[in-house]
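Trainee: Right, I'll just put the structure down here and ask away after.
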Amino acid sequence: MHLLNLGILAHVDAGKTSLTERLLHTAGVIDEIGSVDDGSTRTDTLALERQRGITIKSAVVSFPLDGVTVNLIDTPGHPDFIAEVERVLGVLDGAVLVVSAVEGVQAQTRVLMRTLRRLRIPTLVFVNKIDRRGAQDEAVLRSMARRLTRSVVPMGRAAGLGTRDARFVPGLGQAALDVLADHDDELLSAYVENVENAENAVSSDRLRAALAERTRQALVHPVYFGSAITGAGVPELITGIERLLPPAGGDPDGPLSGTVFKVERGPVGEKVAYARIFSGTLRTRDRILFGAGPEEGKVTAVSVFDHGTDAREEGVAAGRIARLWGLGGIRTGDKIWGSPRAGAAEGGGVPSAAYEHHFAPPTLETVVVPGRDVDRRSLHVALTQLAEQDPLIDVRHDAVRREASVSLYGEVQKEVIQATLADEYGLDVTFRETTTICVERPAGTGTAVEYNKRDPNPFLATVGLRVDPAPVGSGVDFRLEVELGAMPYAFFKAVEDTVRETLDQGLHGWRVTDCAVTMTHSGYSPRQSHAHQGFDKSMSSTGADFRGLTPLVLVEALRRAGTRVYEPMHRFRLEAPADTLGALLPVLARLGAVPQTTATHGSGCVLEGVVPAARVHALEQRLPGLTRGEGELESAFDHYAAVTRGTVPQRPRTDHNPLNRKEYLLNVTHRVGG
């Protein structure tokens, strides 16, 4: 029996949690099917999930099929929780994308399929709710071929649509052969030679073999119709999961390698990490490395998912998902690998990247306002723990204003954070108005240097830095133009770490990105030995000197380079009745949206273009009135564009403000430099 780590993905309310319940019931893991409306589902365990009827956190449950043990991961469907989906994608062997037969292809469906295809994750499609009034099959297939991918292979047809007796009738027909022939030369030859009788020219065994091969290569996507509520089509979907999706790979005897995709807190506040093991075997009491630092930790307990629950085991082998205890510094997205000794001896090495984002970062933020009786220290701890579980929730603490702000994907996420703080931590908070997160990029090249023991530098350190623009999307690159052996490595590390920290707030307060920072000058004061006094520590450099001086030098280099502020832009696709175009275009112009293509299809039209992220919510609110309630909008982050009109947006600083030398030195050294 092989393993399969399977993700269930969908637009919100398409029925993916209901499908999870049906799969667990069919596999014999649960006796009764839970209800999303009643809050009785197995995977929606948070009180807030049960109250709202939506999935907020990913959940893992295991069940056996005839030839495969499935670790099924139920993911959120609401776009505000896309970060949860992102973390799951990196640990999947295959996926089931759920589409509603009533609503059809929705905005989030398109986002998910684009990502699944880009990552080449083998994916089956389950068209759910065929028993509901308004359900369609052929129209949904056409919509999927037009808006998702042409490579959808219907595995049969739906009968009795829109009734309680709706069912799935399996069978590969001409449409399957048409799609598969595009990806298989042998089938294409048979197809071309027997155009009039192509179905009979290819045996069903040959067709199914080609289907399995191309599905596992993520080139085609089999489509099943059914209902998670009635169970229609689910047995056929299970057969597809067993036969068409690839098993988990990995050598249990190889060097340890894995990825943490979720972190939660246990009953007494301890961290519990959910990890997929890609290679090797991890055992209780093993010492491992994790994170970008890296940090070293000892695994104190391991539990492995099996038959609807998880049970303590001595270890977990490649291909499986486990919960790990004992790693106090672990964060969501961390890679894990063997100890330094094991890595050197067995070739384990450091994973190439700490974490790769598949979705755009959040482009909104809000300030958390504590209630009258809320202890600010407790709020700080609670927000820090939320950020540990979700690294894309960036928490900024302003020590001067005694405020904290959090980054967001949308308003629903803000409501969930508020409810989580109230329910799990007993903290009553509200939020200020949501604002857009911009970035800064260098406009040119700037250099600055301050020398050890030369006024006005009060620090025992020499630091020289040059800031250069770098290609868009490259992030921050730190380089050396001085000899690495010119001073202790710890001082170089202090400079690099402080550079990256300081760039979180540029000249206008936004994170500075897409730049190269080069250290051009270095120097320090070594310890001086005196015959009667030993070492004079007051006259020797420390890491604090380099951490204190670096922000002053860096912001001066940034001043000389100059920075430009860029705002996030969303790519949008808007479908509306063609006769509403005249009303739509002026509103789009006032909102700063730029339509790039306009196409008319019968009585409808499709506009595609870009719009400032700050205006998306306003467009969503105006759309129903402008389109008689028939308009459909989907949008996603696309790029950052320079702010060229109006006042350049500023963000309040939360650091010691190295832009004001006098204020900075008072805060850092309690003395004033020149």
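Trainee: Highest first, please rank the peptides 432-438, 59-65 by the mean number of other Cβ atoms sitting within 10 Å of their residues.
Mentor: Details: 432-438: 15.6, 59-65: 20.3.
So the order, starting with the most tightly packed, is 59-65, 432-438.
Trainee: While we're looking at this one, here's another question. Rounded to whole Å, give me the distance from the Cα center of region 207-259 to that of region 451-476.
Mentor: Answer, in whole Å: 52.
Trainee: Taking the Cα centroid of region 596-674 and of region 267-308, what is the distance between the two, rounded to the nearest whole Å?
Mentor: Using only Cα atoms to place each centre, the spacing works out to 39 Å.
Trainee: Please determine, in degrees from 0 to 90 and to the nearest 10, the orientation of helix 581-590 with respect to the longest principal axis defined by the Cα atoms of the chain, where the helix direction is its Cα long axis.
Mentor: With rounding to tens, the tilt is 10 degrees.
Trainee: Counting every Cα pair in region 220-272, what percent are over 14 Å apart?
Mentor: Details: 1005 of 1378 pairs.
So the portion of pairs separated by more than 14 Å is 73 percent.
Trainee: Nearest 5 percent is fine: what portion of the DSSP beta bridges confined to the chain is antiparallel? Don't jump to the answer; show the numbers that get you there.
Mentor: Numbers: 106 of 137 bridges.
Percent antiparallel among DSSP bridges in the chain is about 75.
Trainee: Calculate one ³J(HN,Hα) per residue across region 312-320 by plugging θ = phi - 60° into the Karplus curve 6.51 cos²θ - 1.76 cosθ + 1.60, and present them in order as whole Hz with x for glycine and proline.
Mentor: These are the phi-based 3J(HN,Hα) values: 5, 9, 6, x, 9, 9, 3, x, 9 Hz.
Trainee: A follow-up question, please. So which lysines pass the test for LYS414, namely a Cα distance under 26 Å, with those fewer than 8 places away in the same chain ruled out?
Mentor: Filter leaves LYS16, LYS57, LYS262, LYS271.
Trainee: Next question. Please list 3J(HN,Hα) in residue order for region 501-507, calculated via the Karplus relation 6.51 cos²θ - 1.76 cosθ + 1.60 where θ = phi - 60°; whole Hz, with x for glycine and proline.
Mentor: 5, 5, 5, 5, 9, x, 5
Trainee: Name the residues whose placed amide hydrogens come within less than 5 Å of the amide hydrogen of THR563, ignoring near sequence neighbours (fewer than 5 apart) on the same chain.
Mentor: Counting only residues 5 or more places away or on other chains, the set is ALA443.
Trainee: Compute the long axis of helix 16-26 from its Cα atoms, compare it with the longest principal axis of the Cα atoms of the chain, and write down the angle in degrees, 0 to 90, nearest 10.
Mentor: 60 degrees
Trainee: Quick query: amide H of PHE572 versus all other amide H atoms, modeled in the peptide plane; which residues come in under 5 Å with a sequence gap of 5 or more or a different chain?
Mentor: Here the answer is GLY609, VAL610, VAL611, since their amide H atoms fall under 5 Å of that of PHE572.
Trainee: Something else: Determine, from the Cβ-Cβ distance of ASP497 and HIS639 and an R0 of 35 Å, the FRET efficiency 1/(1 + (r/R0)^6), rounded to the nearest 0.05. Don't skip to the answer; put the middle values down first.
Mentor: Working: r = 29 Å, r/R0 = 0.83.
Result of the calculation: an efficiency of 0.75.
Trainee: Where q = 0.18, 0.19 Å⁻¹, what log10 of I(q)/I(0) comes from the Debye formula for region 257-346, counting one point per Cα?
Mentor: Computed log10 I(q)/I(0) values: -0.71, -0.80.
Trainee: Could you list which residues have their amide H under 5 Å from that of CYS605, counting only those 5 or more apart in sequence or on another chain, with H placed in the peptide plane?
Mentor: Distant-sequence amide H within range of CYS605: ALA576, ALA578.
Trainee: Just the ratio, please: alpha-carbon radius of gyration of the chain over 2.2 N^0.38 Å, N its number of residues. If you can, show how the numbers build up before the last one.
Mentor: Values: Rg = 28.4 Å, N = 674, 2.2 N^0.38 = 26.1 Å.
The chain yields a ratio of 1.09.
Trainee: Can you tell me the orientation of helix 411-425 relative to the chain, as the angle in degrees between its alpha-carbon axis and the longest Cα principal axis, to the nearest 10?
Mentor: Taking Cα atoms only, the helix is inclined about 70 degrees.
Trainee: Here's a follow-up. Quote to one decimal, in nm, the extra length available between ARG118 and ASP579 on full extension: 0.36 nm per residue of separation minus the C-alpha distance between them. Intermediate results must be reported in sequence, preceding the final value.
Mentor: Numbers: separation 461, 0.36 × 461 = 165.96 nm, distance 3.60 nm.
Gain on stretching ARG118 to ASP579: 162.4 nm.
Trainee: Something else about it: Below 12 angstrom from the Cβ of CYS605, what's the summed charge of the other residues (Lys, Arg +1; Asp, Glu -1)?
Mentor: On the way: positive: ARG573; negative: GLU575, ASP579, GLU608, GLU630, GLU632.
Here the count lands on -4.
The numbers here are math on the coordinates, done by the rules we state, and not lab data. Remember, it's a predicted structure, so these values are computed and weren't measured experimentally. Cβ: placed from backbone, ideal geometry, glycine included. Neighbour counts: every protein chain shown.
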